[in-house]
Structure formats: structure tokens, C-alpha cells
1. I need the full set of residues from the stretch 57-69 which are in a loop (DSSP other than H, G, I, E, B) and surrounded by 13 or more Cβ atoms within 10 Å (Cβ to Cβ), in order please.
2. Just name the residue that is surrounded by the most Cβ atoms within 10 Å (Cβ to Cβ) out of those in the stretch 29-56 that are over 22 Å from residue 3 (Cα atoms) and touching a strand residue (DSSP E or B) at 6+ places or on another chain (Cβ under 6 Å).
3. So, in the stretch 17-28, how many residues would count as being assigned to a loop (DSSP other than H, G, I, E, B), open to solvent by 30 Å² or more (accessible area, probe 1.4 Å) and within 23 Å of residue 84 (Cβ to Cβ)?
4. When you look at residue 76, is it open to solvent by 80 Å² or more (accessible area, probe 1.4 Å), aromatic (Phe, Trp, Tyr) and more than 15 Å from residue 16 (Cα to Cα), yes or no?
5. Restricting to the stretch 1-16, give me the number of residues that are outside any loop (DSSP other than H, G, I, E, B) and either open to solvent by less than 50 Å² (accessible area, probe 1.4 Å) or in contact (Cβ under 8 Å) with a residue 40 or more places away in the chain (or both).
Amino acid sequence: VCDSAWKVGLDANETQTPEWFGPDCSLRHCPSGDDPETPLVDETNCSYALAAGGRGRGKYLNKCHVDCSNRGTCDYLTGTCTCFPGYHGANCGTRMTATVAGESS
């Protein structure tokens, strides 16, 4: 398993995916977040979810990693998100309001 700034594993408050990945651990995941367009679903909730490769199930309060909250693209070389139009924040998890959009012009 590659290095990570967050706890990796299947226990509560651990994330199933490490921060760094790839054959030589040189690629970096972007900030994670829940998709703001799916208020009834928390994509970051991996409680009882089957882990990649079938290596077990997440315990209650286990976390899934969701690059850029599904509202941007991740540059895996830098670990930074490029948000889709209408979204902002380090993890693209915030919808722009008219005020925010006007301020960013």
C-alpha cells in the first residue's frame, strides 16, 4: 500500500483508498467529498461496502474516496481538482451561487 495523509483501511473513520497510488506510488488522489448533486446519497459512505479487489467490507463509518466530489477532474500528477462549471472549492464540492460566480469574474 502506498503512503497516505489519511488513515487507510476498512475500519470506522478509515478510507479504503490511499492518497498515493500507481505502480510506483507517484500518482496522487485529489481531495475527496460528497457529490453536491446527490443529496440523498453520500458517496463517501463505505459502511459495509465491498472494497476494491474484494479484500473485505468497510465497517460502519468507513469512508470511500471520491476525487473532486464527482464535480471535477483530478490531475493525478499534482493531486488538484479542476472543477466543472458551476462548482468550486478544493474538492469541487460547493455549488457556485450567483454571488460567488459574480465575485470570481
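The values are calculated or read from the model by the stated rules, or taken from the named source; none is laboratory data. In this text the structure is predicted, and so the values were computed from the model without any measurement. Positions of Cβ are generated from backbone atoms using ideal geometry, with glycine treated the same way; all protein chains shown enter the neighbour counts. Heads up: the accessible areas ignore ligands, DNA and RNA and are worked out on the full protein's heavy atoms, side chains in. Shrake-Rupley method; radii C 1.70, N 1.55, O 1.52, S 1.80 Å.
1. Listed by number, the residues that qualify are 58, 59, 62, 64, 65, 66.
2. That would be 36.
3. The total comes to 1.
4. Yes; evaluated as a whole, the condition is true for this residue.
5. Number of matching residues: 1.
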